[in-house]
């Protein structure tokens, strides 16, 4: 009897070992991929940020010299200024326009599914394709926008060649993809219980009151999500200025990511580019953390019975 019991325990231990080995084998590709392609490059970039590294020669340890150079670099401050100005304009404009579009697409009218698809499609088009398309539209000679302005007697500016209009033009181009956030808002709108609107209507609440006291509080988790993702996205703004303006004219559209790209792949200053990347990470992390810390003040979670 004792022999049987010992054999059963041995088989159970062996089975557990085989199951554990199978589990490790299944997760091994993900773990190796994370270490090689994510964790490894992150650690390497931190080390490179403390060196002078120009790719063709071995890195030379310089300590915090790159960070000191960064503080004295006027183009660093210019790129940061451009990025912040773009974020202050594009982020709230995108949130408001996508929410307004979602409210419009939430109406129960015939053919609404078609219009939802139409407004969402631009969000899935490649950023490079969008940039090329808008480069043609904003062309000062034969661009569609200036042609339409000439029909009403207005001479359109050189949208992307003027320091005053280049960055606002990129902000407006960013509205091309608001359909992505619209779909998220639309899902949130359709998840709001209709009983809340019916009770408010019985109490005599108007449409504006229902929107401010029911729709917005119930949508606040969705707004919070889109705010965080949008905040990260606007600070990573790169494709349009890279394709359309190359940072010009006179560095008026030189975004932070474009300047980082130039240092890494045009000037081959990998150490300096790594320092820029780590400063960027810290800035975005602190801003995102501030948004998370502020969320208890304005985000409503129904499951918790409040904020």
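The values are calculated or read from the model by the stated rules, or taken from the named source; none is laboratory data. Fair warning: this is a prediction, and the values are worked out from it, not measured in the lab. Note that we place each Cβ from the backbone using ideal geometry, even for glycine, and neighbour counts take in every protein chain shown.
For the reader, a short list of remarks on this structure follows.
- Matching residues in the stretch 240-256 - criterion: being within 23 Å of residue 138 (Cα to Cα) and crowded, with 17+ Cβ neighbours inside 10 Å: 240, 241, 242, 244, 245, 247, 251, 252, 253, 254, 255
- Matching residues in the stretch 128-148 - criterion: being surrounded by 16 or more Cβ atoms within 10 Å (Cβ to Cβ) and within 12 Å of residue 243 (Cα to Cα): 130, 131, 134, 135
- Being in contact (Cβ under 8 Å) with a residue 40 or more places away in the chain, part of a helix (DSSP H, G or I) and out of contact with any helix residue (DSSP H, G or I) (no Cβ under 6 Å at 6 or more places or on another chain) is a property that does not hold for residue 149.
- Of the listed requirements (1) surrounded by fewer than 16 Cβ atoms within 10 Å (Cβ to Cβ); (2) farther than 16 Å from residue 246 by Cα, residue 168 misses just one: (2).
- Spans of helices (runs of 4 or more DSSP H) in the stretch 189-307 with at least 1 residues farther than 30 Å from residue 50 by Cα and not assigned by TED's automatic domain parsing to the domain that holds residue 44: 194-202, 207-210, 216-235, 270-298
- Residue 234 being more than 25 Å from residue 68 (Cα to Cα) and surrounded by fewer than 18 Cβ atoms within 10 Å (Cβ to Cβ): no
- The residues in the stretch 81-109 that are over 17 Å from residue 187 (Cβ atoms) and touching a residue at least 24 places away in the same chain (Cβ under 8 Å) can be counted, and the count is 11.
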